Structure formats: C-alpha cells, structure tokens
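The values are calculated or read from the model by the stated rules, or taken from the named source; none is laboratory data. Everything quoted here is computed from the prediction, not taken from an experiment. With ideal geometry, Cβ positions are generated from the backbone for all residues, glycine too; neighbour counts draw on all protein chains shown.
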Amino acid sequence: MDIFNLTFMSALFASGVRQAVPLIFGSTGDCVSEKSGVLGIGIEGEMLFGALFAYIAALKTGSLWAGVLCGGLAGMVSALIPALWAVLLQQDQSITCIMFNIFAAGFTNFINRIVFGTNIANIPVPTFSNIPIPLLSKIPFVGEVFFNQSLLTYLSFVSAFVTFFVMKKTKLGLQLTSVGEDPRVAQASGINVYRFRILCFMFCGFMAGLAGASLTLGSIGTFTEGITSGRGFICLTIVILARWNPLIAILASLGFGSVEALQIRLQVLGSSLPYQFLIALPYLITVVVLAIGGSNLRSPKKLGVPFDKESR
Amino acid sequence: MATREQYLLELQGISKSFKAVKANDNISLKLAKGEILALLGENGAGKSTLMNIIYGIYRPDSGKIFINGRQVKINSPKEAMSFGIGMVHQHFMLIDRFNAIENMILISEDTSLSVLNRKKVRIRLEELKNQYNIDVDLDCPVEQLSISMQQKVEILKLLYRGADILILDEPTAVLLPAEAESLFRIMRNMTSMGKGVIFISHKMDEVLEISDRINVLSLGKVTGEMKTADADKNTLITMMSGEDALHVDAFEKKAPEEDVLMECEGLEAYDERHVKTLNGVSLKVHKGEIIGIAGVEGNGQEELAQILAGTKYASGGTIKTPNMDLSHRSTRRFMAEKIGYIPSDRNTTGTVSDFSLLQNWLLRKKEVTGKDGLLDTKRMRAECIEGMKIFDVRAKDENTRSSTLSGGNLQKFILAREIGNAPRILVCSYPTRGLDVKAARYVHNCLIEAKNNGTGIIVISSDLEELFAISDRIAVLHRGKVIGEKKPEETTAKEIVYMMMGGNA
Amino acid sequence: MIENLLEKYLNADLLKKLGIMLASVAAAILVGSIFVLMSGADPLEAYYYMIFKPFSSVTSLGEVFIYFTPLLLVGLGVCFTFHCKLSNLGGEGQILFGALGMTLIGISPAAKALGPFSLVLGALAGILFGTLYAALAAWFRALFNASEIVITLMLNYIAEQFISYIIFYHLKTGAEPQSARIAFSIPKIFPNSRINYGVIAALILAFVYYIVVYRTKFGYNLRTLGGSRKAAKYGGVSAKRYYFYAMMISGAFCGLAGMMQVAGNTGRLMSGVAADFGFGGIVVALLGNLHPAGVVIAAFFMALVSAGAVTMQVKTGIPTSFASILEALIVLFILLGMALSSRIDNRKKVK
C-alpha cells in the first residue's frame, strides 16, 4: 500500500495530535479531580457546556480566544453542580455525575435550539489556524506532526506539563495526594478538605471546558448536539491508563487521537470496513484498555468516597 | 508545692459526659517538664476521652486547662498543636504513600505553592534523629515501614512541629518487646530535653518501668496518684479495678468433653496487603470447651477468626469437622455445619446498619423460606421477637433500625441470632470490645451457658482478664503461630503476656 | 386490617421520603419555569401542554403509555443493580440489543405463521440479547475489576454503532436505514389509541419485581450486599456471583424494554429506538426510591413529561430537551433532599 507513505503518515499523526487536544485538556483536569478523590464522570457534561459556550462566545465576539476563555469558565461554573452534590452533600458521585451529564446534554441542546432555532445548521466560526514554531517545525516528520499546530494545541501541552509540575514538585501536589488518599489526615494537617476538593473539581471543570472549546473551535468550527460523544468517558479511561499522571496521559491521548484520525481518514478513503466499525473503534479500544490496563492499579485510596468530617 | 508555672500542662476538674455516661468526672492532673506521666486504666476508664479533650477534639463540659501556667481553651487539634501539644494516636495520622519527608512537608508551615524542598526537611530531620536517637528510614514510603517504624515517624512529626507535650495513646499495644524498649529510650531522650510525655497504657509492668509518676483512672475518675517509685502492683490493681470490675471465676463451668468438634492443621493466610499473617496454626476444639486465643493485636487474629468461621479461604492447611473436610468450602457450607460467628465489627459485618432488626435476623438463617419459596416473615418475626426477649435486647421493636442500638444491645442481638442457630461451634472475635462492664458480663454468661450446653467456642480477645475468666484453655498466637497452650488455672497473666511477646513457654 | 396496613406503611420514614419526592418534583418544575421563560414562552401554558394536555383524550394518553412501558421496564431493571450498589448505565445498549432480538424473530419468515407466538419468542430473544450484553459488562468487571460505569457507558456507544451497521448492511429495506416491519405487533387495547397490552406485561413484572426483591432470599441477599459487602460475606453471599445476577437481570429487563419498543411502538429496528430510555430508567428508579409502587408512579410521571414535551414543543416551541433538564433536576433535588434530611436527623441525634 503506497498510500501509507511519509506524507500520509505525517498528515495522519498531525491530525491525530489535533484530535488529541480535547482529550489532553480533559484528562489533565480529570487527573487532578480524581487525585483529590472525586470521580470525574461529570467531565462529559462539563465538556458540553464548554463546547457550546465557547462557540457562542466566539460567534458573538468574533474572537476565538474570548470563546476559549468563555468555554473554560462555562465548564468551571457547571462543575459546581456535581461538586456541590458530590463533595458538600456527600451524595453518590457516579449517580450525581450521570444526572449532571443528562442535565448538561438537555441544557446545551435547549440553549442551542433557543439561540439558533431548530432546523438551521449552525453558522461556522473560523477555527484556530496553525502557527509553526520556528526551527522546530522544520524537523522532518516530528516538526510537521507536533510543531505545526494551533496555539490551542500548544496550550493543551503546556497545561498538562504545568499540572504535572505542580503535582510532582510542589507542596500543593502533596496536599492533593493527601486529600485523595486519606482526607482525615489531610484535614488534620490543616487543609479544608471540602474546599480543596471543590477547587479541584472546578479546575477539572475549567479544563473540561477548554476541551469542549477545542472541539468546537479547534476543528469543527460549530456546535452540534452531543458533540462530545463520550470523549469525557474516554478521558476517564486515559487517566486510569496513565495512572493519574498528566504526562503519561498526553501519550495515551495521542494514542486515542491517532485512532480517531485514522478512523476519519479510512472513512474518507472509502475503506472496505463498514464505517460504523471505524466509529466504534475508539470505544472498543477503551473497553479493551480498561480491561487490560484497569487491573492491578493503585488508585487514590479514597477515590469516589465522600468525605464526612463528622464520622470517625 | 511547686508553683503553677512549673507545669507544662495542668488540668483542673475536667468533666465530660456523653448522654448519660460520665466519661470523665472531675479529673485533675499535672505534667511537669522532663517528666513521664503514666495514665493507667482499663479500657473504658476514660483515658481516650481525656486525651481527646487535651487535644481539642472534644470540649469539656466543665474544668480548666492550663499550659505553662496560662489558662487556655483548646478548640481544635490545630490549636492544640499551636500550644505545643502533640499526640500519637493509635491510628497513625500518616499518608501511607508518602515517605517520612513528604509527611513532614504536608504538615509544615510552607505555603501550598512552594516548590518542594526535600533537602531542607531532610537536614532538620537528621538533626532530630540524632538528637533523640530515633532510627528511621526517611525515604521509604510509610506503608512499607513496620508499625514500630511508622510510630517513630509519627513521633518525629511531633518533634518536627516543635511539640513540648507529647501524648502517646497506648503506644506499645502494637509493638514487640524489643521495639517497646527502643520507644522507651526515645521517650527518655525526649524528657531529658525538657519535654513532657503523657503515656497512656493499661499494662502495669510498662508503666512501672518507664514512668516517673502514675495517675490511675477508673470509671472516669482519678482513683490514685503517686510517684512510680512509691507504687507497687497490688495497690495499682486495687485502684484500677474500681468498684465494678469483672469478677474472675464467678462462673460455673462444666468440664469439656473428649469429642473433637473441629480440627485445623497448618492454617496459613495473607491479609489484604498480601502480608502473610497466619503461618501454620493448628487447633483442636472439643465439645463444651472454650478456647481463648490470646495475642498482641495484628498477629493474625482477624484472619484466623474469618477462616475458622468460613468467610475467608486459608491459603494453606486444613479444617475438618467429624463430618467433612471444610477446607476451601463456602461460607454457606460452614453455616450448614452449624458454625456460628460473632465478628469483631458489629456495625458493618455483624449487621447491616440500614436494616431493621428483623431484616438482620435473616442474615445468617438458613430456614427462612416457607413452602411457597418466599420468605416466611411471619415465622422469622416470631423467632426474632423470641430471641430478642431471651437475650434481653432492648429495642423498641423488631422493626427498629439496627444502627440505633447501643453496642451492648447490638452484640446481644447478634448473640441471640448466632446462639439461636444452636451452633456446634461458635467463633467469637473480640466479643466484649467496647462494651460496658455489665454488657460484657452478660456476654460472658451467654458464652458459658452455650459451652455448658456442648458448644465448642473459640474466643479471640486481647483482654486477658476475660480470657482467664471464661476459657478452659488459652492458646497464644504470635506472628501467625500458636506458640503455646495453657490452662488458666495452671498459668499466670504474666506468663501469658511473656508468651504473647514471643517468649517461649 | 386496613389500620394495620396504614400503620405499617405510613410510618414517619415513608412520609418523609414521599415529602422529599414531591418537594423535589415541585422544585424542579419551579426551576424549569426559568428555562421556559428563557425560551420566551409562558410557563403555565407550557406545563399545561406538558402535564395536563395528555389527559385530554384517550389518544394522547395512549402516547404516554408508549413511553411508560419501556421506562417502567428499564426502571425496574436498574433497580436490581442499585439494590446491590452497582450502576447499570448500559441500558441504552441493552435496549438496542433487545430490540434486535425482537426484530430478528419478527421479520423472520416463520413469524407470520407463528402469529402472536412470535411476540413470545421475540420477547425471549430480546431478553436473551439484553442479558448477554449486560453479562459482558459484568464479566469485564468480575474478570478485570474494571469499573462497570465506564464499561457500560462505552458499550452503549458500541451497541449504537453495531445496530447502525446491522440496519445499514444486513436488514436494510428500501432507502431508509431501517429493518422491515415485524410481522406481528403487540395488539392495542383500544382502537383509537396506541396503548397496547405491553403495559399489562410491564405492570405484572413490577409485581414480580416486588416479590423477588422483597419476598425471596435472593432479593434479601441482593439488598444485604448493597447494605454492606462485609455483612453479605458474613451471611454467605458471594458478591461476585450476585453482581453478575443483578447485572444480567437488569439487562433482561432492558432487553424486554427494547422488545416492547419494536413490537409496540416503532414496528421495526431503526436508529434511535432506545430513545434515551436507558438513562430515563435510572431517573425512574431513583425517583421511585427503588420501591415497586414508587417506580410505577415515577415511570408514569416521566412518561407524561416525555410525551408531553413533544406536544409542548409543537405548541410553544420549547425544545423537547427541556424534558431531560427536568428529569435531571428532579433527581438532583431528591439527592439534595435526602442529604439535608439525614443531616437534620443526625443533628437531632447529637442533641
């Protein structure tokens, strides 16, 4: 097969990196939220919020960056709902988050219809253009794949690196781990566990909002209903696979992004495989990865366990 | 008489009640610089309550606290720490995954965003290590350290924060003798630096060995105060027992019979952390016999209880009854063989706390379905009410949620259910833990009665008095092995303790 | 007799729960009006079309029951998993597979000859397919200890694509990607309404659910497992095995719901046949507090909202997605109410 030449491959992987951007944002946020002991299932809904409001803001202001910021903030504010229920009210985190996801799906569809009417395809906004990094982008293959990307892509990498640095190298990182491992000890060391977890959740929401923004403003240029189609859950899997490490999560995200890119390309090329199989591919891989990579791991000890200051 | 300023800590007339129970009744004590004060008392004497008051977890109903002669109010552990009070709890307050240095940074005054400076902390810790002669690995995650090492990390933590008053809550309960010795040396080093130590214990020998002064608590009151040099065991025992202590040997026991009900050989097991906790335990249970299993906690008791009751598989060894080989058989099979089990954890293992008593009654009942295959609630309700009456379970009715019952009543309920099954063998894990004296005595009476009716009973306990009172035979568990068996009338508590620490009989 | 019953059921605990449910519904409706106002409609009018209009005729009430049957079945199904503290979020996928099972029987050449029996066979096939698909998730959990939450969610997406593939490549008839009509549908009860006998089957199953969960040792074991894993072990209940049972029963109910969708509503396999009932069923289970009567009432209410949302959209232009906003709000408010009431209880206990 001579279509799998270098040009094709570099274009494929460059597209894979673009596809990975929402996953990198999302999994970075989820790393923090899960490390603090709160399941990030609500990230799917937060992404939807981010995607819609980023698109609306970009369309109304004409500025993509205003859109990105707005998307992040929308994700952050929406994250307050699961945060309030799961952390402060100590309700079952998975049920709360699933309900929040239903709410988010309904809410974004609703707003979308209200703002743009029912039957018209939404007006596209221009997407982020590629800004090659001088010198680095000249490296054959690698330069094309990694260093000829949009600013949003670079931002996703930077945010993952910064998060990694904070988690591994600062006291804040230790506090984060302690809150997820043993909130009682954390509380005794002077941390307000509730506030800490809520802040982590809001950070996760902000990142999920950016992930949503990168879906609408990074590649498609418009909002469609249910645009996230399970990417939030894929982020959860990435985080498990990456053992709560944002840097490894980048690699895993790139893997999933490449599968997505390959899937799209095969569809375009008219592969003999049914397209449904191709669409299902990332989900199938997620299940397999969870099965293989999900066992024998050390998750934060109190992940998913609500903290109650009063109980002993 | 020394002036108030000379005391690091002084308590005056501290009282604290929980509902009707007076946990602390007008308690006063003093701790001087460079002194080890022992707080001696049985379980439930009010030691923990008092310490939690000093540490700011509880607030006293009345009484005053002075630190360095200044009256203070302590509202939280954080405030206690700012007054220089540090406490080593029985459950360590450490993050398992961190090493000692990281655990120090977590409690340090650094701001959250400061970049980790492990070197600075290490230098300070090495200083403290040398100063107090504490030998501990600073780089190993806490979870991989032995219990005694973890305890040293805890002590190091307090010293790192600059605590002057150190409270050690039953620190030797989890230690081997040699480890206890090394802890005592550290305590001595601390007092020689002018710090004050409060040492909580119910072990008389240790208290006599290490402390400078002794305060004895019994039933929430200070019943004795003396210099250790002036103290002797007999007076201490009298002070500790108060008025309402257990009466040893008040039971009418039938002699055990010859028939063997259960025989296990070479049992081996691992705990949840995959540490081998049982290392070849062999036991025989005879008809109408109570075997007491003594041992320092964490020497495989929990695993042994679960294996004997069939809720855990042994990784090696055999369990047999005269009828069948039960090794690797299901819990249901054990239940069918009429092996009863009183687990140590009453609230989440012995019962489902959200269930009513009636629902909990069905938990280990085999014959609960009628001819139609549905639950025969009518019969079960009658049985439950009957059982509750016989065992004097005080609850509004059988529909009461089990979580609302007191520990004693809940234990009576579990006894009613298990003994109601007419077990051939009954495994009891810490049957009287956390119960008041009256409820404990009730439990003992029940066990003796069951024994006299022919049940073979295994009682795992850390309460030697209890074991001496009810057992026909005491087996000592040490590091996953039975290292000796004695009849209570042929041995002394001292000898058993010696064996518990690994000494040869 | 009646006094006894009243005393038994009208205890403080139940009244409190009932109060929380009703208050939550009211609060959700109140917050929902903000959304209605946002869309420029009149809340009273909107809620009239949503909640009261469906009662105006047998035909429109029949539409409610078209939603009621699958919602009740899925709701009962996920109750089994909730009882042992497991979450089956894979209802969507299991419904799709159940629908596939019914369709394969219904469009087979033998179906015409079988007549009504094709429905029985179809139901069995639907149940089988749904059960097996749920078993897959349970198997992943049991074997690899993978979280059933993410697995079931992923299996939904996979099932969706699989069904899409089937109707695109194998069962396609005509221009639209959908299967042929099944030979025999569930008969209607009234001529001028779509309500069919599936409702009766679903109600019977609600009774069966009651018997199984509250009157058998199996149900008791399931609830013990949910109450405390350690106590279940103590009582000789194998957690692994019961998680499997719960998941599979849950899948069976969802599969049957899929069968009802095909045999009582769409008449053929098409994309969107699951219609978010997998998640609606979760709302039903929680709103009904896992109690059979509660679940039936909750399913009816949710069906009313879903069917009414369609009328509401036509009449007032409010998007149907308003229904899912309302659903989610109701459950969130219930959780809020539960948390607050338990907090008040605790405070009382301390005093």
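Any idea which residue in segment B:64-79 is surrounded by the most Cβ atoms within 10 Å (Cβ to Cβ), counting only those that are polar (S, T, N, Q) and either more than 31 Å from the chain's Cα centre (by Cα) or not in a loop (DSSP other than H, G, I, E, B) (or both)?
Ranking the candidates gives B:68 first.
Go through segment B:181-224 residue by residue and tally those that are among the charged types (D, E, K, R) and part of a loop (DSSP other than H, G, I, E, B).
Looking only at that region, the number is 3.
Only one of (1) among the polar types (S, T, N, Q); (2) free of Cβ contacts under 8 Å to residues at least 12 places away in the same chain; (3) within 17 Å of residue C:215 (Cβ to Cβ) is not met by residue B:404, so which one is it?
Result: residue B:404 fails condition (3) only.
Count, please, the residues in segment B:80-113 that happen to be part of a loop (DSSP other than H, G, I, E, B), facing chain A (nearest Cβ under 8 Å) and surrounded by 14 or more Cβ atoms within 10 Å (Cβ to Cβ).
Adding up the residues that qualify gives 9.
Looking only at residues that are within 10 Å of another protein chain (Cβ to nearest Cβ) and within 12 Å of residue C:153 (Cβ to Cβ) in segment A:217-232, which one is modelled with the highest pLDDT? Spell out the reasoning first.
Our first condition is that a residue be within 10 Å of another protein chain (Cβ to nearest Cβ); within segment A:217-232, this holds for A:225, A:229-230, A:232.
Imposing the further condition that a residue be within 12 Å of residue C:153 (Cβ to Cβ) reduces the set to A:229-230, A:232.
Values: A:229: 87, A:230: 89, A:232: 93.
Step by step, filter segment A:217-232, then rank; the result is A:232.
With respect to residue B:388, is the statement that it is over 24 Å from the mean Cα position of the chain (by Cα) and either outside the structural domain of residue B:283 (by TED's automatic domain parsing) or closer than 16 Å to residue B:297 by Cα (or both) true?
Judged against the criteria, residue B:388 is a match.
Would you pick out the residues in segment B:199-215 that are crowded, with 19+ Cβ neighbours inside 10 Å, over 19 Å from the mean Cα position of the chain (by Cα) and of a type in the set (A, V, I, L, M, F, W, C)?
B:210, B:214
If residue B:345 satisfies every condition in (1) within 26 Å of residue B:464 (Cα to Cα); (2) touching a residue at least 12 places away in the same chain (Cβ under 8 Å); (3) among the acidic types (Asp, Glu) but one, which is the exception?
Here residue B:345 meets the rest and fails (2).
Please enumerate the residues belonging to segment B:153-180 that are in a strand (DSSP E or B) and among the aliphatic types (A, V, I, L, M).
B:165, B:166, B:167, B:168, listed by residue number.
So residue B:393 ticks every box in (1) in contact (Cβ under 8 Å) with a residue 12 or more places away in the chain; (2) farther than 19 Å from residue B:353 by Cβ but one. Which box is left unticked?
(2)
Does segment B:32-72 hold any residues that are without any contact (Cβ under 8 Å) to a residue 12 or more places away in the chain and out of contact with any Lys or Arg (no Cβ under 7 Å at 6 or more places or on another chain), and which are they?
B:52, B:70, B:72
Could you identify the single residue in B:329, B:381 that is surrounded by fewer than 23 Cβ atoms within 10 Å (Cβ to Cβ), more than 29 Å from residue B:407 (Cα to Cα) and within 14 Å of another protein chain (Cβ to nearest Cβ)?
B:329
Of the residues that make up segment B:420-439, is at least one under 24 Å from the mean Cα position of the chain (by Cα), among the aromatic types (Phe, Trp, Tyr) and not in a loop (DSSP other than H, G, I, E, B)?
no
Given the options A:84, A:12, A:6, A:64, name the one that is at pLDDT 90 or above and surrounded by fewer than 21 Cβ atoms within 10 Å (Cβ to Cβ).
The match here is A:84.
Please enumerate the residues belonging to segment B:348-371 that are surrounded by fewer than 17 Cβ atoms within 10 Å (Cβ to Cβ) and under 25 Å from residue B:303 (Cβ atoms).
Selection gives B:348 alone.
Scan segment C:128-155 residue by residue and report those that are within 16 Å of residue A:279 (Cα to Cα) and either without any contact (Cβ under 8 Å) to a residue 24 or more places away in the chain or surrounded by fewer than 24 Cβ atoms within 10 Å (Cβ to Cβ) (or both).
Answer for segment C:128-155, where residues must be within 16 Å of residue A:279 (Cα to Cα) and either without any contact (Cβ under 8 Å) to a residue 24 or more places away in the chain or surrounded by fewer than 24 Cβ atoms within 10 Å (Cβ to Cβ) (or both): just C:154.
For the subset of segment B:462-484 comprising residues that are under 14 Å from residue B:300 (Cβ atoms) and within 19 Å of the chain's Cα centre (by Cα), which member is surrounded by the fewest Cβ atoms within 10 Å (Cβ to Cβ)?
If we take residues in segment B:462-484 being under 14 Å from residue B:300 (Cβ atoms) and within 19 Å of the chain's Cα centre (by Cα), then B:479 is surrounded by the fewest Cβ atoms within 10 Å (Cβ to Cβ).
Assuming residue C:114 fulfils every condition listed in (1) within 14 Å of another protein chain (Cβ to nearest Cβ); (2) over 15 Å from residue C:250 (Cα atoms); (3) in contact (Cβ under 8 Å) with a residue 40 or more places away in the chain; (4) of a type in the set (A, V, I, L, M, F, W, C) apart from one, which condition is it?
(1)
Would you please list the contacts, defined by Cβ atoms under 6 Å and residues six or more apart or on different chains, that run from a residue in segment A:84-102 that is at the interface with another protein chain (Cβ under 7 Å from one of its Cβ atoms) to a residue that is among the hydroxyl-bearing types (Ser, Thr, Tyr)?
That search, which allows pairs on different chains as well, returns A:85/A:96; A:94/C:87; A:102/C:324.
Counting only residues that are in contact with a helix residue (DSSP H, G or I) (Cβ under 7 Å, 6 or more places away or on another chain) and modelled with pLDDT of 85 or more, how many does segment B:366-382 have? Spell out how you get there, then give the answer.
Of segment B:366-382, the ones in contact with a helix residue (DSSP H, G or I) (Cβ under 7 Å, 6 or more places away or on another chain) are B:366, B:368-369, B:374-375, B:380-381.
Of the ones still in play, those that are also modelled with pLDDT of 85 or more are B:374-375, B:380-381.
Residues flagged as in contact with a helix residue (DSSP H, G or I) (Cβ under 7 Å, 6 or more places away or on another chain) and modelled with pLDDT of 85 or more within segment B:366-382 amount to 4.
Can you name the number of the only condition in (1) touching a Phe, Trp or Tyr at 6+ places or on another chain (Cβ under 8 Å); (2) within 16 Å of residue B:458 (Cα to Cα) that residue B:362 fails?
(2)
Can you spot a residue in segment A:44-53 that is more than 14 Å from the chain's Cα centre (by Cα) and in a helix (DSSP H, G or I)?
Yes - at least one qualifying residue is present in segment A:44-53.
Within segment A:156-181, can you find the residues that are in contact (Cβ under 8 Å) with a residue 12 or more places away in the chain and facing chain B (nearest Cβ under 10 Å)?
Within segment A:156-181, A:175, A:176, A:177, A:178, A:179, A:180, A:181 meet the criteria.
With respect to residue B:317, determine if the residue is of a type outside the set (A, V, I, L, M, F, W, C), assigned to a strand (DSSP E or B) and buried (at least 22 other Cβ atoms within 10 Å of the Cβ). Break it down stepwise before answering.
Details: of a type outside the set (A, V, I, L, M, F, W, C): yes; assigned to a strand (DSSP E or B): yes; buried (at least 22 other Cβ atoms within 10 Å of the Cβ): no.
Considered against the rule, which asks whether it is of a type outside the set (A, V, I, L, M, F, W, C), assigned to a strand (DSSP E or B) and buried (at least 22 other Cβ atoms within 10 Å of the Cβ), residue B:317 comes out as no.
The conditions are (1) free of Cβ contacts under 8 Å to residues at least 24 places away in the same chain; (2) farther than 24 Å from residue B:470 by Cβ, and residue B:312 fails exactly one of them. Which is it?
Exception for residue B:312: condition (1).
Go through segment B:354-378 and give me each residue that's within 7 Å of chain C (Cβ to nearest Cβ) and either part of a helix (DSSP H, G or I) or under 30 Å from the mean Cα position of the chain (by Cα) (or both).
B:354, B:355, B:362, B:363, B:364, listed by residue number.
Restricting the first residue to segment A:278-290 and requiring it to be more than 7 Å from chain C (Cβ to nearest Cβ), which pairs with a second residue that is among the acidic types (Asp, Glu) meet a Cβ separation below 8 Å and a spacing of at least six or different chains?
A:282/A:260
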